[in-house]
Amino acid sequence: MSPRTTLRTIIAAMLALLIALPASAELRLRITPGANPPPMPIAIADFVGDPAGAQIAQVIAADLERSGLFRIIDKGAFIEKIVDPNRAPRFGDWRQINADALVVGSANMTADGRLQVAFRLWDVAAGTQAAGLSYFTQPQHWRRVAHIIADQIFKTITGEEGFFDTRVVYVAESGPGNARVKRLAIMDQDGANNRFLTDGRSLVLTPRFSPTLQEIVYMSYQGGAPRVYIMNVDSARQELLGNFPGMTFAPRFSPDGNRVVMSLERDGNSDIYVMDVRSRSIARLTDHPAIDTSPSFSPEGDKIVFNSDRGGSQQIYVMGSGGGEPNRISFGTGRYTTPVWSPRGDYIAFTKQDGGSFSIGVMRPDGSGERVLATSYLDEGPTWAPNGRYLMFFRQAPNARGQAGAVRLFMVDITGQNLRPVPTAGDASDPAWSPLIPQ
Amino acid sequence: MRLKMLGALGVILLAAACSNTDRPDTSATGRAAPGSIQEFQQVVGDRVFFDLDSSQLRPDGRDTLTKQAAWLKQYTNYAITVEGHADERGTREYNLALGARRAQTVASFLAAQGVPATRMKTISYGKERPEVVGSDEGAWSRNRRGVTTLQ
């Protein structure tokens, strides 16, 4: 079942409120880019009905826990056993175990073979329902419904969009360090539903999602020439994006998905170009003997941030989306690379090399407010969650013999808290986060 | 590892030599035959090394490339691909660009020495194909390289 079909098969409906919402919702976690509040204690009861209900509750709990903003209360502490999720719970029982929020729900097979999943989010302190929705889907999409419910809970409580109903495209690595086999792979944000998109015969690097979700753009050494390709992830059909005499690399979609900005190398020199995906017409944006690479559009599409060593060392520059004289924005110690504009527009993430270590950091688009979020022997290649609050990147540490060790995906939030590994079956690099999947 | 790789290469070339007398091979005594790829790799030297984040040729590199050019002008039956590589202490995309710059530096030097540009291609592998797997300067300095490969 393709994700496109999935989109059409998940139907949401509001559940009738059992108790009217108060004028101002009290169940609110105030989050800022600066620091996280203490995690909100939340109880998530197994959904009643179909056996899938317990698994759905588990996926919701894992999602919310991963955000770093919630503390999941152990089910063993529950006093009330939820039997009918359509009746108000005994709020006193939940206050007694210090739950601020309670999630209950049901999962049932309908006569026509669909799965109906419904949930209610309760504000325990106020004794009111904060959210309630019902979904119909094919039974095999139960995980996706769980992620959608987790996003709904996240949004209700934080006021910001969630990131759980998303996917990640990345490079799965295997084999010895001097002959790595690299395959494109795609998985859900939590590591489930992993699927390979290429067979490993050609070296592939730096996949990036289109805002339209069905397409990725990446670099492949297919046919012995390193060039940028575009692929439909549902059909795995790929197409060369322009045929140039030199290497094309470092591709990234424009926010509307209609253009790809990338580096084109000619006679050893790399400059930045933008290509219209449909017409394949190309325009040159930089013309400089320095290395210009790793371009990324601002969310409005009016600016491009990129990496250049035109000043003598690798730094981050911003220019208009039509080119023109760029302004340097990175002025700290060390070398700055791989700038990526947040989908929210407020920050630019980057990789920074200073001394013997690599860091992932963020700065404002004018270069102010620089903050390092993670540091190790090698932390590289940040990618933003669609809500602009979480970042994924890859980390490689030397092994015990001093050789390049395992390379894995990690995530961290914009405060620098909540650093944690992202599960993959094997070595993984070059993650790219999808937008929220439309429902 | 490197010896092993050369050994494997030798076997392939030995097989190829049966059908192609234009491509001399390692002789029975184990010495690279004149004009063979082994001679180019082992006697002339097929690679030059670069300093950190640099694509400037060092004096030892210029010497090697001068010898390469003389050899390549003598044995004109090979197509040439110059590979540019970087160490692991840089980001992937920047290192692809740096590898391209290094490959071009090598190809330009060879062209200036009279090797026809039409015989040469360049390709960058960035940090994707280290020669030595390791996380110290000893490994990095071997990996910041331009390699002249013959086909």
| said: Being within 14 Å of chain B (Cβ to nearest Cβ) and without any contact (Cβ under 8 Å) to a residue 60 or more places away in the chain is the requirement here; does residue A:253 meet it? | reply: no
| remark: Scanning the range A:8-35 residue by residue, the ones that are at pLDDT 65 or above and within 12 Å of residue A:131 (Cβ to Cβ) total 6
| message | Here's a check for you: in the range A:134-148, which residue that is in a strand (DSSP E or B) and aromatic (Phe, Trp, Tyr) is nearest to residue A:161 (Cα to Cα)? | response | A:135
| If we keep just the residues of the range A:256-268 that are out of contact with any Lys or Arg (no Cβ under 8 Å at 6 or more places or on another chain) and part of a loop (DSSP other than H, G, I, E, B), which is nearest to the other protein chains (Cβ to nearest Cβ)? | A:267
| task | Examine the range A:354-365 for a residue that is touching a helix residue (DSSP H, G or I) at 6+ places or on another chain (Cβ under 9 Å) and of a type outside the set (A, V, I, L, M), and state whether such a residue exists. | result | no
| message | Based on this model, can you work out whether residue A:313 counts as surrounded by fewer than 23 Cβ atoms within 10 Å (Cβ to Cβ), within 14 Å of another protein chain (Cβ to nearest Cβ) and among the hydroxyl-bearing types (Ser, Thr, Tyr)? | response | yes
| remark: In the range A:86-119, anything touching a residue at least 40 places away in the same chain (Cβ under 8 Å), in contact with a helix residue (DSSP H, G or I) (Cβ under 8 Å, 6 or more places away or on another chain) and exposed (fewer than 14 other Cβ atoms within 10 Å of the Cβ) is listed as A:109
| field | residue A:252 vs. criteria under 20 Å from residue A:317 (Cα atoms) and within 25 Å of the chain's Cα centre (by Cα) | value | yes
| request: Taking the options A:409, A:391, A:373, A:419, name whichever one is among the aliphatic types (A, V, I, L, M), in contact (Cβ under 8 Å) with a residue 12 or more places away in the chain and farther than 17 Å from residue A:164 by Cα. | output: A:373
| remark: Screening A:346, A:287, A:271 for residues that are in contact with a strand residue (DSSP E or B) (Cβ under 7 Å, 6 or more places away or on another chain), assigned to a loop (DSSP other than H, G, I, E, B) and among the acidic types (Asp, Glu) leaves only A:287
| query | Among the residues of the range B:54-103, which ones are more than 18 Å from residue B:149 (Cα to Cα), in contact with a Phe, Trp or Tyr (Cβ under 9 Å, 6 or more places away or on another chain), surrounded by fewer than 20 Cβ atoms within 10 Å (Cβ to Cβ) and of a type outside the set (Lys, Arg)? | reply | B:56, B:60
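For every residue, the table says whether it meets (1) hydrophobic (A, V, I, L, M, F, W, C); (2) farther than 18 Å from residue A:174 by Cα.
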position	(1), (2)
A:383	no, yes
A:391	yes, yes
A:399	no, no
A:415	no, yes
A:418	no, yes
A:426	no, no
A:430	no, no
A:435	no, yes
A:438	no, yes
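Quick grid of which residues meet (1) β-branched (Val, Ile, Thr); (2) more than 20 Å from residue A:352 (Cα to Cα):
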| position | (1), (2) |
| --- | --- |
| A:254 | no, yes |
| A:268 | no, yes |
| A:272 | yes, yes |
| A:277 | yes, yes |
| A:295 | no, no |
| A:302 | no, yes |
| A:310 | no, no |
| A:313 | no, no |
| A:332 | no, no |
| remark: Those residues of the range B:88-121 which are away from every other protein chain (no Cβ under 11 Å), more than 16 Å from the chain's Cα centre (by Cα) and in contact (Cβ under 8 Å) with a residue 12 or more places away in the chain amount to B:113, B:114
| task | Scan the range A:298-319 residue by residue and report those that are in contact (Cβ under 8 Å) with a residue 60 or more places away in the chain and among the hydrophobic types (A, V, I, L, M, F, W, C). | result | A:305
| task | List every residue pair whose Cβ atoms lie under 6 Å apart, where the two residues are 6 or more positions apart in sequence or sit on different chains, the first residue falls within the range B:32-55 and is in contact (Cβ under 8 Å) with a residue 60 or more places away in the chain, and the second residue, located anywhere, is of a type in the set (S, T, N, Q) and not in a loop (DSSP other than H, G, I, E, B). | result | B:46/B:148; B:48/B:64
| In the range A:364-386, the residues that are surrounded by 23 or more Cβ atoms within 10 Å (Cβ to Cβ) and more than 14 Å from chain B (Cβ to nearest Cβ) | A:384, A:385
| query | How about the range A:195-210: which of its residues are within 20 Å of the chain's Cα centre (by Cα) and of a type in the set (S, T, N, Q)? | reply | A:206, A:210
| request: Please identify the pairs in which a residue from the range A:63-85 that is farther than 11 Å from residue A:44 by Cα has its Cβ atom under 8 Å from the Cβ atom of a residue that is part of a strand (DSSP E or B) and aromatic (Phe, Trp, Tyr), counting only partners at least 6 apart or on another chain. | output: A:67/A:390; A:85/A:119
| remark: By residue number, the members of the range A:218-232 that are β-branched (Val, Ile, Thr) and surrounded by fewer than 23 Cβ atoms within 10 Å (Cβ to Cβ) are A:230
| field | Residue ID - farthest from the chain's Cα centre (by Cα), chosen from residues in the range B:123-146 that are within 7 Å of another protein chain (Cβ to nearest Cβ) and of a type in the set (S, T, N, Q) | value | B:135
| said: Any residue in the range A:321-339 that is at negative phi and away from every other protein chain (no Cβ under 14 Å) sitting within a Cβ distance under 8 Å of a residue that is assigned to a loop (DSSP other than H, G, I, E, B) and of a type in the set (Val, Ile, Thr)? List the pairs, counting only those 6 or more apart or interchain. | reply: A:326/A:286
| query | Would the range A:120-133 turn up any residue that is within 14 Å of another protein chain (Cβ to nearest Cβ), in contact (Cβ under 8 Å) with a residue 40 or more places away in the chain and assigned to a loop (DSSP other than H, G, I, E, B)? | reply | no
| request: Output the residue which, of all residues in the range A:290-308 that are assigned to a loop (DSSP other than H, G, I, E, B) and aliphatic (A, V, I, L, M), is nearest to the other protein chains (Cβ to nearest Cβ). | output: A:291
| query | Which numbered condition trips up residue A:248, out of (1) of a type in the set (Ser, Thr, Tyr); (2) within 18 Å of residue B:94 (Cβ to Cβ); (3) surrounded by fewer than 22 Cβ atoms within 10 Å (Cβ to Cβ)? | reply | (3)
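The values are calculated or read from the model by the stated rules, or taken from the named source; none is laboratory data. Quantities reported herein were computed from a predicted structural model and do not represent experimental measurements. Heads up, the Cβs are rebuilt from the backbone with ideal geometry, glycines too, and the neighbour counts pull from every protein chain shown.
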